[in-house]
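The values are calculated or read from the model by the stated rules, or taken from the named source; none is laboratory data. Please read all numbers here as calculations on a predicted model, not as lab measurements. No Cβ is skipped: glycine too gets one built from the backbone with ideal geometry, and neighbour counts run over all protein chains shown.
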Amino acid sequence: MSAALVTGAASGIGEAIATALAAAGTRVAVAGIDAAGAREVAGRIGGVAVTMAVSDLDSVATAVKQATDALGTISVLVNNAGVIGGVDPLAALPYEALTTVLRVNVGGTFLVTQAVAGGMIAAGKGGAIVKLSSAGAFQPTPGLGHYEASKAPINALTRSAALELAPCGIRVNAIAPGPVETPLTGLALADPQAREAWLSRIPTRHIATPADLVPIVLLLVSPARGTSPARSCRSTVANS
Ligand SMILES: NC(=O)c1ccc[n+]([C@@H]2O[C@H](COP(=O)([O-])OP(=O)(O)OC[C@H]3O[C@@H](n4cnc5c(N)ncnc54)[C@H](O)[C@@H]3O)[C@@H](O)[C@H]2O)c1
């Protein structure tokens with residue numbers, strides 16, 4: 001049975017992925033910045049809760065160690081935690097909104113990948129990493145320039161990590177959903193005009209639910225797609 005760590009798993013897409021992984025027989029570390037929320041989800045799905053602020057180096061190191069001590073080497077990582085930083089036209093955007101999304105979405109994805117990939121490499125059994133990008137990284141929406149500027153780098157990180165880690169038998173992919181009904185988008189989608197603006201750009205006029213994303217994530221982390229772990233793997237990941 002493999003072990004997975006899902007960041008931002010106390011709500012929305014992360015909660016749905018953690019729940020599905022547990023139902024599929026994976027041992028799951030439910031990582032949340034909010035300890036109570038992580039405990040609640042972990043209790044419900046039979047996982048282990050760890051408190052993790054993804055952009056804080058010490059918090060990431062402690063939580064990854066706790067998860068590994070409890071579950072064994074993490075072979076599946078879902079870099080899901082993220083923030084939107086408000087919806088503001090560029091001219092009115094507080095600089096803090098940009099620095100926050102870069103710190104959490106880019107910095108957090110980087111730090112957690114680095115911490116977990118180090119363990120995967122040391123164990124030599126391969127693994128799978130899925131990152132949450134966004135359709136906004138490809139198709140802009142007014143008012144979300146800062147958020148989109150924090151999602152495009154995730155595509156670049158995914159490609160470079162995939163190249164570096166493939167020789168270690170670790171597959172790295174990203175998914176880039178359009179709008180999904182979650183706490184992140186709750187306020188924006190509750191406004192009928194904003195909702196219609198989103199719907200008008202979606203040919204199926206379907207705003208996704210977290211459950212819609214689960215099958216693709218399960219496919220991407222499935223051992224059935226497995227890459228054989230390389231016989232020798234030398235990675236440039238710093239803490240490997
Ligand atoms: N909802 C959408 O329309 C949509 C579309 C494309 C991509 N995404 C991405 O999906 C991911 C999940 O978002 P969601 O829609 O489920 O929203 P959500 O708000 O339910 O989930 C985000 C989670 O990240 C956590 N988080 C925030 N800051 C954190 C930090 N510093 N450290 C650790 N955890 C932190 C939150 O506590 C929350 O549990 C995000 O990366 C988001 O950018 C969402």
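For this structure, a couple of remarks:
- Scan of segment 63-94 for residues that are under 21 Å from residue 184 (Cβ atoms) and either over 20 Å from the mean Cα position of the chain (by Cα) or not hydrophobic (A, V, I, L, M, F, W, C) (or both), ordered by number: 79, 80, 82, 85, 86, 87, 88, 89, 90, 92, 93, 94
- Between 59, 11, the distinction of being within 16 Å of the ligand (Cβ to nearest atom), of a type in the set (S, T, N, Q) and closer than 17 Å to residue 132 by Cβ belongs to 11 only.
- Pairs where the first residue, in segment 134-154, is closer than 16 Å to residue 202 by Cα and crowded, with 21+ Cβ neighbours inside 10 Å and the second is modelled with pLDDT under 95 and of a type in the set (A, V, I, L, M, F, W, C), C-beta under 6 Å, 6+ apart: 136/144
- Flag: residue 82 does not match the condition of being more than 12 Å from the ligand (Cβ to nearest atom) and in a loop (DSSP other than H, G, I, E, B).
- Residues being of a type outside the set (Gly, Ala, Ser), more than 16 Å from the chain's Cα centre (by Cα), away from the ligand (no atom under 13 Å from the Cβ) and in a helix (DSSP H, G or I) - total across segment 117-173: 7
- Only listed residue being farther than 23 Å from residue 124 by Cβ and either in contact with a Ser or Thr (Cβ under 7 Å, 6 or more places away or on another chain) or small (Gly, Ala, Ser) (or both), chosen from 43, 25: 43
- Hits in segment 9-32 - residues which are part of a loop (DSSP other than H, G, I, E, B), under 18 Å from residue 79 (Cβ atoms) and out of contact with any strand residue (DSSP E or B) (no Cβ under 7 Å at 6 or more places or on another chain): 11
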